[in-house]
Amino acid sequence: MPISSIPVDQLNEQQAAQELARLSAEIIAHNTYYHTDDAPVVTDAEYDALKKRNLAIEQRFPSLKRADSPTDRVGGAVQDKFEKITHKVSMLSLDNAFSDEDVVDFTDRVRRFLKLPADTTLAFTAEPKIDGLSLALRYEKGKLVSAATRGDGSVGENVTANARTITDIPHVLHGDAPDVMEVRGEVYLSKEDFAELNRRQEAEGKQTYVNPRNTAAGSLRQLDSSITASRPLRFFAYAWGDTTALPATTQMGVVERFRDWGFVINPLMGRFETVDGLIRQYRLIEAERAGLAYDIDGVVYKVDDLALQARLGFVSRSPRWAIAHKFPAETATTVLEDIEIQVGRTGALSPVARLAPVTVGGVVVSNATLHNEDYIQGIGNDGQPIREGRDLRIGDTVTIYRAGDVIPKVMDVDLTKRAADSKAFVFPTECPKCASPATREINEKTGRMDSVRRCTGGLICPAQAVEKLKHFVSRNAFDIDGFGDKQAEAFYHSGLVKNPAEIFTLQARDNASELQKLKNREGWGDQSAAKLFDAIEARRVVDLHRFIFALGIRHVGEGNAKILARVYQSANGFVDAMKAIRVEDSDAWSDLVNIDGIGPTVAHALAEFFAEPHNAGIVDELLTYVKPRDVEQVAQDSAFSGKTIVFTGSLERMSRDEAKAMAERLGAKTAGSVSKKTDLVVCGPGAGSKRQKASDLGIEIIDEDEWFVRIAE
Ligand code: IVH
């Protein structure tokens, strides 16, 4: 009898090993027929039988399980997690508009940036904002070669095998397409398919899914692509990334080509030449929303002309040429069961509402933000009453407000339901985690008390230390795989990692067995410990902006971290300058506040951080373990790379913002005032003292026309 016919419980060990080898090879082949070639040669039932037999043998002889076991794999390759794909063109997010006014502001902003005369028409597209997840599909010579999730915008996950199971995604483009064409769009699950999936789950006594969006995301990120294939995911194409040739000169034109190539595009997309037109389309889409087969959470407007899009460019993570006009949030009523105070990385005490669970717009909510002390009391950021001054108390019946992915918030209170013996909430004036005084600073700009109360414990506050550690390893900072919030908490509390520098000595200490070895700790094993050490090793080289952002300095978010990285270019350059800014009249200080986009608030925060010897010490120590990458000039070959340019006077052919963006694209920095470090001053009419100073210092001065001549060279 051939081995393949012997029942599993009668196989001896040698036969079992042979059988596992055969099954592995056979299943790999079927995966390829099915997913890659789109031509299965066995029925699903036959395929399942192979997998089942393989699994049964593995369960009987666990030691024989192969490294390439089909139990753990997708398509052809063994995977225990997804490979990474670096996006050639970053995948960005969109700014939001919440009102018609915001939309008018957006179109005005675009016009101002481009210096468009009032009588020039400016066309926009309007289309639904699909509530799914974005996916980038790369086609080479018309063939699908890879699919990547958005990830952190720069690096996503390779989900190619799974994307191939989605029927709306063509494996081969129809007609002529550029050599390289990366089509982007949204993967989603229809409302009906979601409901059907949940009916099935329920019938099988399994847990039901929360909403179509999360389910779509979970389905796309399955290591076993047969699971993805069993979920009816759909795809709308609406954007693009890397390409060798754009097939049209307008947004609308490109998307229409997507349709010709075989993609599904959204039928509610239109082109409009006035703000009124956009808002009419918004109202129309809003009216259709409930009847649409899929969830949407707003309408996206995009400048139609691609040449104008290129001029507009981006601000940090969002394009200047697009905006998402969100639908009004959804609300629900529930009971405020408790108010908990969390302590953040910079010591801010944030009140969080614990709620009796309630469904808001299809999602169960049991926590919501209460912003700050004043908000609970019924006082707004401007010191004026909100909710007509009604305060919020534990036990109150409250309205919850949830807009898309944003954290839900407590909006209002129903006083008719308030218990007679209820008491006003007393906000702590001591840190609940370290008992240090928690104070409210006076805001220098407004002269009013800051709405945020902060723990003054600084370095002695364990809550701040843990939050700093979480921030350090988070996705847009060091992004250490397998080192999330949970691990940060556990490592901190067990004394294993008290600060970011200690992350990088963990393995050496582990090897030296100074402490109980990680692999012997609860929740860890040989493999997971080794994996974590590998993940840490992999981050000994990071982008400079990630390093700066990871330090968790107040007011230094990703945007500012990128500006600082671009200006200082190396970790040592940055750290040396920051240590030198302690004196307000130092050159280092004026260099810093002179950077476009960095104001005194940020500069003070940086000075304060580096003036603290403990912080400076940790940074120095960190730099002995990690090597942030130097920032390369944006455009090495540009005559402007590394130069500092000042624009002054009233510019006529471009707005000041556009001038700045242009300079940055050429690898130059812009500054607000003229100093010895200025290389070039571009003067429009009416330039005064800056022009004078430049000429006194012997700095080259040109006019706007000359600027355009030079950048064209
Ligand atoms: S355009 C450069 N169009 O919204 C901007 N995005 O907040 C590219 N989204 O990550 C995006 N529907 O996942 C665009 N019609 C649409 C969209 C859309 C949904 C998502 C997308 C993106 C997020 C941005």
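The values are calculated or read from the model by the stated rules, or taken from the named source; none is laboratory data. This structure is a prediction, so every number in the text was calculated from the model and none was measured. Cβ: placed from backbone, ideal geometry, glycine included. Neighbour counts: every protein chain shown. Ligands, DNA and RNA are excluded from the accessible area calculation, which covers all protein heavy atoms including side chains. Shrake-Rupley method; radii C 1.70, N 1.55, O 1.52, S 1.80 Å.
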So, counting K/R as plus one and D/E as minus one, what does the shell of residues with Cβ under 14 Å around Ala477 add up to? 0
Expressed as a percent, the accessible surface of the chain that is carbon or sulfur, using a 1.4 Å probe and the full set of protein chains, is 50
Probe 1.4 Å, accessible area per residue of region 215-272, Å²: 39
Quick one: 3J(HN,Hα) in Hz for region 442-457, Karplus 6.51/-1.76/1.60 with θ = phi - 60°, rounded, Gly and Pro as x. 8, 6, 4, 6, 9, x, 9, 5, 4, 6, 9, 8, 10, 5, 8, x
Please work out how much accessible surface His174 shows to a 1.4 Å probe, ignoring ligands, DNA and RNA, in Å² rounded to 10. 110
quick shape note, region 66-162: Cα extents on principal axes in Å, largest first -> 69, 32, 21
DSSP loop (so not H, G, I, E, B), at most 12 other Cβ within 10 Å: list which GluC sites (Glu not before Pro) in region 307-348 pass both filters. none
Let me have the relative contact order for region 146-197, percent, based on Cα pairs under 8 Å that are six or more residues apart. 19
Separation of alpha-carbon centers, region 123-157 and region 261-313, rounded to whole Å: 17
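Between the DSSP loop rule and a limit of at most 11 other Cβ atoms within 10 Å, which trypsin sites (Lys or Arg not before Pro) in region 138-207 are left?
Numbers: sites: Arg138, Lys141, Lys143, Arg150, Arg164, Arg184, Lys191, Arg199, Arg200, Lys206; in loops: Lys141, Arg150, Arg164, Lys206.
Counting only loop positions with at most 11 other Cβ atoms within 10 Å, the trypsin sites (Lys or Arg not before Pro) in region 138-207 are Lys206.
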With a ≥ b ≥ c from the Cα gyration tensor eigenvalues, square-rooted, and the rule rounded for a/c under 1.5, otherwise prolate when a/b > b/c and oblate otherwise, region 527-581 is prolate
List the residues whose amide H sits under 5 Å from the amide H of Val159, counting only those 5 or more places along or on another chain, with H placed 1.01 Å from N in the peptide plane. Ala147, Ala148, Thr149
Summing -39500 (n - 2.57) over the DSSP H runs of n ≥ 4 in the chain and dividing by its residue number, what mean residue ellipticity at 222 nm do you reach, to the nearest 500 deg cm²/dmol? -10500 deg cm²/dmol
Looks like region 306-454, by Cα gyration tensor root eigenvalues a ≥ b ≥ c and the a/c under 1.5 rounded cutoff (else prolate when a/b is bigger than b/c, oblate otherwise), is oblate
Can you tell me the 0 to 90 degree angle between the C-alpha axis of helix 600-611 and the longest principal axis of the chain, rounded to 10? 70
Considering the chain, which cysteines have no disulfide-compatible partner, defined as another cysteine with its Cβ under 4.7 Å away? Cys683
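Work through the residues other than Thr250 whose Cβ is under 12 Å from its Cβ and net out their charges, Lys, Arg +1 and Asp, Glu -1. Could you put the intermediate results ahead of the total?
Details: positive: Arg257, Arg271, Lys302; negative: Glu256, Asp304, Asp305.
Charge balance in the 12 Å sphere: 0.
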Could you tell me how many degrees, from 0 to 90 and to the nearest 10, lie between the Cα long axis of helix 656-665 and the main elongation axis, the longest principal axis, of the Cα atoms of the chain? 50
Reciprocal of mean inverse Cα separation for the chain (Kirkwood radius, Å): 29.5
Counting only heavy atoms of protein chains, what accessible area per residue, in Å², does region 462-579 have with a probe of 1.4 Å? 43
Base-10 log of normalised Debye intensity for region 585-713 (one unit scatterer per alpha-carbon) at q = 0.19, 0.21 Å⁻¹: -1.11, -1.25
Filtered GluC sites (Glu not before Pro), region 398-498: DSSP coil and at most 12 other beta carbons within 10 Å: Glu444
Scalar couplings 3J(HN,Hα) for region 502-511 by Karplus 6.51 cos²θ - 1.76 cosθ + 1.60 (θ = phi - 60°), nearest whole Hz, x for Gly and Pro, are 5, 4, 7, 10, 4, 5, 4, 5, 5, 4
Only four residue types carry charge here, +1 at the Cβ of Lys and Arg and -1 at the Cβ of Asp and Glu. Report the dipole size of region 436-544 about the Cα centre in Debye, rounded to the nearest 20. 340
Whether region 504-646 is rounded, prolate or oblate, judged on the alpha carbon gyration tensor where a/c under 1.5 counts as rounded: prolate
Given a 1.4 Å probe, the accessible area of region 274-316 per residue, as a whole number of Å², is 45
Accessible area, 1.4 Å probe, largest first: how do Trp240, Trp261, Trp589 sort? Trp240, Trp589, Trp261
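By accessible area of protein heavy atoms, probe 1.4 Å, what ranking do Glu140, Glu157 get, highest first?
Accessible-area ranking of Glu140, Glu157, largest first: Glu140, Glu157.
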Treating the beta-carbon of each Lys and Arg as +1 and of each Asp and Glu as -1, no other charges, what is the dipole magnitude of the chain about its Cα centre, to the nearest 20 debye? 720
Considering only the other residues whose Cβ falls under 10 Å of the Cβ of Ser99, what net charge follows from Lys and Arg at +1 and Asp and Glu at -1? -3
Along region 258-263, Karplus-curve 3J(HN,Hα) (6.51, -1.76, 1.60; θ = phi - 60°) to the nearest Hz, with x for Gly and Pro, reads 3, 4, 4, 6, x, 8
Treating the beta-carbon of each Lys and Arg as +1 and of each Asp and Glu as -1, no other charges, what is the dipole magnitude of region 491-530 about its Cα centre, to the nearest 20 debye? 40
